[in-house]
Amino acid sequence: MQKKSKFFPIFFIFLVLSIIILGLSLYGMLSGTLPFLEKTTSFAPKTVYGWFQNLPFIPKDKEIEKLKNENLELVSKLLDQEKLMKENAALLSQFQTEGLGNDSLLPAQIVGAPGFVPGVTEPEEIILNKGERDNVRVGSGVVFQNNLVGKITKVSYYLSKADLVTNPSIALPVQTFSGVLGVVRGEGEDKITLENVLPSEHLKIDDLILTKGDLDINGIGIPPNLVVGRIESIEKIPAAIFQKAELKSLLDFDRLSVVFIVVER
Amino acid sequence: MWLFLIFIVVASVIFGAITTLPLALVVILCLSVIFKNNFSVFALAFFMGLYLDIILVRTLGQSSTFFVVFIFLVFLYERKFEIQTAPFVFLSSFFGTLSYLFIFGYNHVLEQAVVSSVIGVLLFRLLTIAFKYQK
């Protein structure tokens, strides 16, 4: 019986402590101590994630990996060619467009990417080893080789969290090469849906879906012309107001180890 | 024995980096069922929660509040019923994991809850055998 009554005061002490820390954290009053805590604790998950990526029993089909990398390079070249054609047309009509310069991309290592079954199910968010100290802001885009990885949703002093493009919290305006407009939403479980496409527009299987661009005046946000995914199936119901499509990202999110964050120039 | 327990605690927290399974919750539950020291269990829940919030870039205090309340509910149940049983560990792991994943917005909630429950029961069996052997 002694044990039964003794836990109430202990519970209240720790509950009050937890709520105080939660309140202080919500109001940003722990910004002094949090960086120190992050610095002392972040090495462990970083090390574990690095080991995990190199485990021998997580099979990596080399031939498929090689083909995927070649595919990414070809898509990148295709985008460059498309961009050059547009810039050429813009120069002819005396307008100028600017691309994403290297000086606005910050390389960041992935130090955590929790998934239900590591290596089997895809993660929906990643933890990066860059934070406020490195000028990372909430809303910044995360990219890899002209592909959109996701968007930064939380930043602390040394770390940041990005929701992947498959995360249900993601919704952004997109377009195809031929200029068809729509909205992409993450559906979780590695699924992305293209919605709000007019029935009169023509979508094709294997069409690439690109970001329309969502940068603010400081250059923070999602840059335009990044590949979100490729159309795998189209749902066109005659009576529906809009048509939909299922997309698949070209990236293997659980194989990524380094990504790039769009930062202020 | 203590080294073994420390290893389990550290491993479950570190593996927060690669899996969404709340192994920390399962470990705290098993230790609360077996250990008689209330203060240690609540302190463990509190600090493991803080650590998870730091490495997963969440608002500090969220996980520790959840874990402390969860352990409180476990101890409340103990006032009426026996908790050092595998069915209790299975059910409390299941519902604890279900609530945790639902609150923090993860997918595959049901599957993860079942897997966590199985891991919880296995860990509970392992710890009870280890304690009996030590005695």
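Only one entry in B:ARG125, B:ARG79 is within 16 Å of the chain's Cα centre (by Cα) and among the charged types (D, E, K, R), namely B:ARG125.
Tell me which residues, restricted to the stretch A:156-171, are touching a strand residue (DSSP E or B) at 6+ places or on another chain (Cβ under 8 Å) and under 25 Å from A:LEU34 (Cβ atoms). Please lay out each step first, then the result.
The initial filter retains those residues of the stretch A:156-171 that are touching a strand residue (DSSP E or B) at 6+ places or on another chain (Cβ under 8 Å), namely A:159-171.
If the condition is that a residue be touching a strand residue (DSSP E or B) at 6+ places or on another chain (Cβ under 8 Å) and under 25 Å from A:LEU34 (Cβ atoms), then A:LEU159, A:SER160, A:LYS161, A:ALA162, A:ASP163, A:LEU164, A:ASN167, A:SER169 are the ones that fit.
If you go through the stretch A:163-211 and pick out every residue that is in contact (Cβ under 8 Å) with a residue 24 or more places away in the chain and of a type in the set (Gly, Ala, Ser), you end up with 4.
State whether the residues of the stretch A:246-255 include one that is buried (at least 19 other Cβ atoms within 10 Å of the Cβ) and of a type in the set (D, E, K, R). Yes: the stretch A:246-255 contains one or more residues that are buried (at least 19 other Cβ atoms within 10 Å of the Cβ) and of a type in the set (D, E, K, R).
Only residues that are farther than 23 Å from A:LEU78 by Cα and outside any strand (DSSP E or B) were counted in the stretch A:176-226, giving 10.
Listed here are the residues, each with its yes/no results for (1) surrounded by fewer than 24 Cβ atoms within 10 Å (Cβ to Cβ); (2) in a strand (DSSP E or B); (3) of a type in the set (Ser, Thr, Tyr); (4) over 11 Å from the mean Cα position of the chain (by Cα).
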residue	(1), (2), (3), (4)
A:ARG137	yes, no, no, yes
A:VAL142	no, yes, no, no
A:THR153	yes, yes, yes, no
A:THR166	no, no, yes, no
A:VAL174	no, yes, no, yes
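Scanning the stretch B:78-99 for residues that are more than 14 Å from chain A (Cβ to nearest Cβ) and not in a helix (DSSP H, G or I) yields a single hit, B:THR85. Would you confirm whether any residue within the stretch B:54-65 is more than 7 Å from chain A (Cβ to nearest Cβ) and touching a Leu at 6+ places or on another chain (Cβ under 6 Å)? Checked against the condition, which is being more than 7 Å from chain A (Cβ to nearest Cβ) and touching a Leu at 6+ places or on another chain (Cβ under 6 Å), the stretch B:54-65 yields at least one hit. Filtering the stretch A:191-211 to residues that are out of contact with any Lys or Arg (no Cβ under 9 Å at 6 or more places or on another chain) and surrounded by fewer than 17 Cβ atoms within 10 Å (Cβ to Cβ) leaves A:LEU198, A:SER200, A:GLU201, A:HIS202, A:LYS204. Any chance the stretch A:126-133 includes a residue that's at pLDDT below 90, assigned to a strand (DSSP E or B) and surrounded by 17 or more Cβ atoms within 10 Å (Cβ to Cβ)? Scanning the stretch A:126-133, I find no residue that is at pLDDT below 90, assigned to a strand (DSSP E or B) and surrounded by 17 or more Cβ atoms within 10 Å (Cβ to Cβ), so the answer is no. Looking only at residues that are part of a helix (DSSP H, G or I) and in contact (Cβ under 8 Å) with a residue 24 or more places away in the chain in the stretch B:100-117, which one is nearest to B:PHE67 (Cα to Cα)? Looking at the filtered set, the residue picked out is B:TYR100.
Are any residues in the stretch B:34-45 of a type outside the set (S, T, N, Q) and either surrounded by fewer than 23 Cβ atoms within 10 Å (Cβ to Cβ) or not in a helix (DSSP H, G or I) (or both), and if so, which ones?
Looking only at the stretch B:34-45, we keep the residues that are of a type outside the set (S, T, N, Q), and these are B:34-36, B:39, B:41-45.
Selection gives B:ILE34, B:PHE35, B:LYS36, B:PHE39, B:ALA43, B:LEU44.
I'd like the full set of residues that are surrounded by 17 or more Cβ atoms within 10 Å (Cβ to Cβ) and in contact with a Ser or Thr (Cβ under 9 Å, 6 or more places away or on another chain), limited to the stretch B:99-108. B:TYR100, B:LEU101, B:TYR106, B:ASN107, B:HIS108 - these are the residues of the stretch B:99-108 that are surrounded by 17 or more Cβ atoms within 10 Å (Cβ to Cβ) and in contact with a Ser or Thr (Cβ under 9 Å, 6 or more places away or on another chain).
Report yes if B:PHE72 is touching a helix residue (DSSP H, G or I) at 6+ places or on another chain (Cβ under 8 Å), more than 25 Å from A:GLY50 (Cα to Cα) and in a helix (DSSP H, G or I), otherwise no.
Values: touching a helix residue (DSSP H, G or I) at 6+ places or on another chain (Cβ under 8 Å): yes; more than 25 Å from A:GLY50 (Cα to Cα): yes; in a helix (DSSP H, G or I): yes.
Yes; evaluated as a whole, the condition is true for this residue.
Restricting attention to the stretch B:78-94, the residues that are surrounded by fewer than 22 Cβ atoms within 10 Å (Cβ to Cβ) and in contact (Cβ under 8 Å) with a residue 12 or more places away in the chain add up to 7.
The values are calculated or read from the model by the stated rules, or taken from the named source; none is laboratory data. In this text the structure is predicted, and so the values were computed from the model without any measurement. Don't worry about glycine lacking a Cβ; one is built from the backbone with ideal geometry, like all the others, and counts go over all protein chains shown.
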